[in-house]
1. For region 117-135, give me each residue that is aliphatic (A, V, I, L, M) and modelled with pLDDT of 95 or more.
2. Among the residues of region 34-48, is any part of a strand (DSSP E or B), over 13 Å from Ile88 (Cβ atoms) and out of contact with any His (no Cβ under 9 Å at 6 or more places or on another chain)?
3. Between residues in region 22-42 that are on the phi > 0 side of the Ramachandran plot and surrounded by 14 or more Cβ atoms within 10 Å (Cβ to Cβ) and residues that are part of a strand (DSSP E or B) and of a type in the set (Ser, Thr, Tyr), which pairs lie under 8 Å by C-beta distance while being six or more apart or on different chains?
4. Restricting to region 43-55, give me the number of residues that are touching a residue at least 24 places away in the same chain (Cβ under 8 Å) and either within 19 Å of Gly102 (Cα to Cα) or outside the structural domain of Asp76 (by the TED database) (or both).
5. Could you pull out the residue among Phe109, Phe125 that is in a loop (DSSP other than H, G, I, E, B) and in contact with an Asp or Glu (Cβ under 9 Å, 6 or more places away or on another chain)?
6. Name, by its number, the condition in (1) of a type in the set (Phe, Trp, Tyr); (2) under 30 Å from Pro72 (Cβ atoms); (3) loosely packed, with under 14 Cβ neighbours inside 10 Å that does not hold for Phe109.
7. Going through Thr64, Thr78, Thr68 one at a time, which residue ends up being outside the structural domain of Val173 (by the TED database), surrounded by fewer than 19 Cβ atoms within 10 Å (Cβ to Cβ) and assigned to a loop (DSSP other than H, G, I, E, B)?
8. Which residue pairs have Cβ atoms closer than 9 Å, lie 6 or more positions apart in sequence or on different chains, and pair a first residue in region 62-86 that is touching a residue at least 12 places away in the same chain (Cβ under 8 Å) with a second residue that is among the aromatic types (Phe, Trp, Tyr) and loosely packed, with under 15 Cβ neighbours inside 10 Å?
Amino acid sequence: MSLWTSLEPASTTVDPGSTTTVRLRLRNTGDVVDEYRFTPVGDIAPYITVEPPTIRLYPGTTGTVQLTFAPPRTPDATAGPNPYAVQIVPTEHPEATTVPEGNLTITPFTEIRAELVPHTVKGRFRGRPKLAIDNLGNTKLTASVLGNDNGDQLSYEIHPANVQIEPGRAAFVKATLRPRQITWFGRKENRPYQLAVQRSGSTRLDVDGTYIQRGVLPRWLATFLSLAVGLTIACVALWFAYQPNVTSLAQEKLQQTAATTIPTP
């Protein structure tokens, strides 16, 4: 082999969204002048930049190139150890290609996005929104979903109540909202509520929504029934106040007939 290489350091750590560097030293142990081309390989090769991309060395001399690692703050930058390698191809002796290997540890980060679909639901006895949860971090998300509102006016049925979401994935949680008191008559009532995504040891993420509770029967029907009851009561009262005095004319006619047919002794 006409090439000696060394990664300094062989293992390093980087945060997603930031950068770190590693030096690659190499020595031409051959007896001819050679030029070397560098190509990152492996799963994290898109995050590696080699500067300069080529280097020319005389026999017995040593050169250095710099590897810059810049993993993005996205789910693609998998948390944990990530092996990598750099392919070094000599121009004069391509059969003597060397591939030194190293290890890059990407630190974990968590980022969640949640949205109610739809934001506002309407109903008389229930509302059925969905909570969309996106895991934008680079580690698996494990969380529970809770519901709450001011005044404890609603009850909540949530399925599933616990979720596990892989990096870069999303999950939908179905919720059923039920008012604790039914509104039989009256106008619509706006009842704000929250669905919260709670992770162990972390601040929960609250998502605000609105449940519009409708009356079971329309207002005009309540007005009509009230007028009908009032009119009925008024009619009954008038009947008893001005009840007519009905007499039987048949009894009077019978008495007059008897008086004319029976002779007086």
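1. Leu131, Ala132, Ile133
2. Checked region 34-48: at least one residue is part of a strand (DSSP E or B), over 13 Å from Ile88 (Cβ atoms) and out of contact with any His (no Cβ under 9 Å at 6 or more places or on another chain).
3. Matching pairs, first to second residue: Gly42/Tyr84.
4. Final tally of qualifying residues: 6.
5. Within the list Phe109, Phe125, the selection yields Phe109.
6. The single condition Phe109 does not satisfy is (3).
7. Criteria check complete, one pass: Thr78.
8. Between residues of region 62-86 that are touching a residue at least 12 places away in the same chain (Cβ under 8 Å) and residues that are among the aromatic types (Phe, Trp, Tyr) and loosely packed, with under 15 Cβ neighbours inside 10 Å, the close pairs are Thr62/Trp4.
The values are calculated or read from the model by the stated rules, or taken from the named source; none is laboratory data. It should be emphasised that the depicted structure is a prediction, and the values quoted were computed from it without experimental measurement. FYI the Cβ positions are ideal-geometry reconstructions off the backbone, even for glycines, and counts take in every protein chain you see. When the accessible area is computed, the model is the full protein with side chains, heavy atoms only, and any ligands, DNA or RNA have been set aside. Shrake-Rupley method; radii C 1.70, N 1.55, O 1.52, S 1.80 Å.
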